[in-house]
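Colleague: I'd like to ask you about the structure that follows.
The values are calculated or read from the model by the stated rules, or taken from the named source; none is laboratory data. This is a predicted model, so every value here is computed, not measured. FYI the Cβ positions are ideal-geometry reconstructions off the backbone, even for glycines, and counts take in every protein chain you see. With ligands, DNA and RNA removed, areas are computed over all heavy atoms of the protein, side chains included. Shrake-Rupley method; radii C 1.70, N 1.55, O 1.52, S 1.80 Å.
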Amino acid sequence: MKKIFIGAILFCSSLYFSQTVKELNFNTNVPDSENNYVAVPREEEGGGYGFGYVYFDEYAGYTYKIIGSLKEENGRLKVIESYDQKVGSQIQRIENLGYKTAIIPASMVKLFGYPAEPNWLHNYKSNASENEKSLRRASVMNGARFSQLALPKLLKLYDANYRTPELFFELAFAYNVLKDFVKAEKITAEAIKAEAANDLVLKEHVFALLNQSKISDAEKFIESNLKNYTTDSYKAESLMNLIAYSNHLNQKSVAKKWLGIIKQEIKSPQFQQNIQKLEQHINSNDSTSK
C-alpha cells in the first residue's frame, strides 16, 4: 500500500481545527477501516499524513480514495485537499490489507466539513445479502493472502449456519494457508458429505490430505472423484500435487502411476510444461539414486 502515497499534492484549500495527531491511532487494518475516513503515514520526512476514504468495490476489492493530506502546524491539524478533488478523483486498489490506518473520529470528520458518508459511496453499494457481502470480503482477503483476517469472518458465517460451496471453499482455503490441515480436511469432508463440493473444494481436500502425508487417502479420494471435476484446471492441480508430494515423500511408484494418469486425463496444452517438469524431476531423482 506504500505506493498509494507517492506523488506531489497540489494545494487548493486548507482548514484548521484544534485536533492533533495524538488523537490518531494507527492501529486499524484495511478491512476494519472500510467505510471510514482515514489517515495514513507517509514515508517522506515532514510529509504529514495521507487523508482519504476506504471503501469496498465489489469488482476490485478494497480501495482507497485519496482526498489530500493531513498536517499538523502549531499543534493543530490542517486538511489540505488535493487539486484532483476539484477536477476528478484519484483512487488506489489496496493490496496490503494488513496496513495500519488511523480512523478519523466522527467529530473530527464533521469539523473538517465532510459528510459522514460521501455522496459517491452509493455507487459502490451492493444489493447482495449481508452474508454474501461478508463472504465476498473474506474471499478478497484470502486472495490477497491475508487468511488470518478472513478466517474470523468465515467462522462467523459458518457459526450462523451459512452453508454454500463458496463458504466451504473459502474456509478450507484459509485453513490450508494457515497450515491447519486437519481443520481444512474436516471442512471439505463436510462439504463433500453434504453434496456441496465444487472443484475448488475437491482440490482443497486433496491439498489438506497431502500436507498430512496421507498419500494413500489422497489417491483413493482422487480415484473416486476424478469424474466429478468439471474443469481441467483444478483436476490438473490436484493430480500434479499428488504426483509432487508422493515423489517428495519417496513414494516413486505412486508418483509414476499418477504421472501416467495425468498424461491421459489432461490434454490441454497449458498444463503440458508443468507435467513435463514433474516427469523430469522424477526421472532425475531416479538417476541420482542409482
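Colleague: Using +1 on the beta carbon of Lys and Arg, -1 on that of Asp and Glu, and nothing else charged, what's the dipole of the stretch 133-197 about the Cα centre, debye to 20?
Modeller: Magnitude of the dipole: close to 260 debye.
Colleague: Once the other residues with Cβ under 15 Å from the Cβ of GLU117 are scored (Lys, Arg +1; Asp, Glu -1), what is the net sum?
Modeller: Working: positive: LYS65, LYS110, LYS125; negative: GLU34.
That sum, taken over residues with Cβ under 15 Å, equals +2.
Colleague: Of the residues GLN90, GLN148, GLN264, which exhibits the maximal mean-square fluctuation in a Gaussian network model of the chain defined by a 10 Å Cα contact cut-off?
Modeller: Of the options given, GLN264 has the highest mean-square fluctuation.
Colleague: So how much accessible area does HIS122 have, in Å² to the nearest 10, using a 1.4 Å probe?
Modeller: Estimated to the nearest 10 Å², HIS122 gives 120 Å².
Colleague: Which value, in debye to the nearest 20, describes the size of the charge dipole of the stretch 21-124 about its Cα centre when Lys and Arg Cβ atoms bear +1, Asp and Glu Cβ atoms bear -1, and nothing else is charged? If you can, show how the numbers build up before the last one.
Modeller: On the way: 10 positive and 14 negative charges, 61 e Å.
Taking the Cα centre of the stretch 21-124 as origin, the dipole is about 300 debye.
Colleague: Can I ask one more? At R0 = 30 Å, how high is the FRET efficiency between LYS257 and ARG145 if r is their beta carbon distance? Nearest 0.05 is fine. Before the final figure, lay out each step's value.
Modeller: Details: r = 33 Å, r/R0 = 1.10.
Result of the calculation: an efficiency of 0.35.
Colleague: In what order, largest first, do THR231, THR63 sit by accessible area if the probe radius is 1.4 Å? Could you put the intermediate results ahead of the total?
Modeller: Details: THR231 55, THR63 0 Å².
From most accessible down to least: THR231, THR63.
Colleague: If R₀ is 30 angstrom, what is the calculated FRET efficiency for the pair ALA60 and LYS22, using the beta carbon separation as r and rounding to 0.05?
Modeller: Once the sixth-power term is evaluated, E becomes 0.30.
Colleague: Of the listed values (1) 25.0, 78; (2) 20.3, 70; (3) 22.7, 82, grab the one calculated as Rg and Dmax of the Cα atoms in Å from the structure here.
Modeller: Calculated Rg and Dmax of the Cα atoms in Å: the matching label is (1).
Colleague: Of TRP258, ASN274, THR231, which is farthest on the positive side of the dipole of the stretch 228-290, counting Cα position, with +1 on Lys and Arg Cβ, -1 on Asp and Glu Cβ, and the Cα centre as origin?
Modeller: Of the options given, the answer is TRP258.
Colleague: Run the reach check for LYS183 against aspartates and glutamates, Cα to Cα strictly under 12 Å, same-chain hits fewer than 8 apart removed. What comes back?
Modeller: Hits, sequence-local ones excluded: GLU204.
Colleague: So what's the angle, to the nearest 10 degrees on a 0 to 90 scale, between helix 232-248 and the longest Cα principal axis of the chain?
Modeller: Once rounded, the angle reads 70 degrees.
Colleague: Amide H neighbours of LYS78 under 5 Å, counting only residues 5+ apart in sequence or on other chains, H built in-plane at 1.01 Å?
Modeller: The list, which skips near neighbours in sequence, is LYS71, GLU72, GLU73.
Colleague: What's the magnitude of the charge dipole for the chain around its Cα centre, counting Lys and Arg as +1 and Asp and Glu as -1 at the beta-carbon? Answer in Debye, nearest 20. Don't jump to the answer; show the numbers that get you there.
Modeller: Working: 36 positive and 33 negative charges, 86 e Å.
I would put it at about 420 debye.
Colleague: Leaving out ligands and nucleic acids, note down the accessible area per residue over the chain with a 1.4 angstrom probe, in whole Å². All intermediate terms of the calculation are to be shown ahead of the outcome.
Modeller: Details: 15310 Å² over 290 residues.
Spelled out: the 1.4 Å probe surface of the chain, per residue, equals 53 Å².
Colleague: Among the listed pairs LYS220/LYS257; LYS220/LYS256; LYS256/LYS277; LYS100/LYS179; LYS133/LYS235, give every one whose C-alpha distance is greater than 19 Å.
Modeller: Where the Cα-Cα span goes over 19 Å, the pairs concerned are LYS100/LYS179; LYS133/LYS235.
Colleague: Here's a follow-up. Determine the sum of side-chain charges near ALA174: Lys and Arg each +1, Asp and Glu each -1, restricted to other residues whose C-beta is under 12 angstrom from that of ALA174.
Modeller: Summing Lys/Arg as +1 and Asp/Glu as -1 gives +1.
Colleague: Report the normalised scattering of the stretch 168-290 as log10 I(q)/I(0) at q = 0.13, 0.16, 0.20, 0.22 Å⁻¹, calculated by the Debye formula with identical scatterers on the alpha carbons.
Modeller: For the requested q values the scattering log ratios are -0.50, -0.74, -1.09, -1.26.
Colleague: Related question: Roughly how much of SER126 is accessible, in Å² to the nearest 10, using a 1.4 Å probe?
Modeller: Its accessible surface works out to 30 Å², give or take rounding.
Colleague: Tell me, what % of the accessible area of the chain is carbon and sulfur with a 1.4 angstrom probe?
Modeller: Working: 7410 of 15310 Å².
Of the solvent-accessible surface of the chain, carbon and sulfur hold 48 percent.
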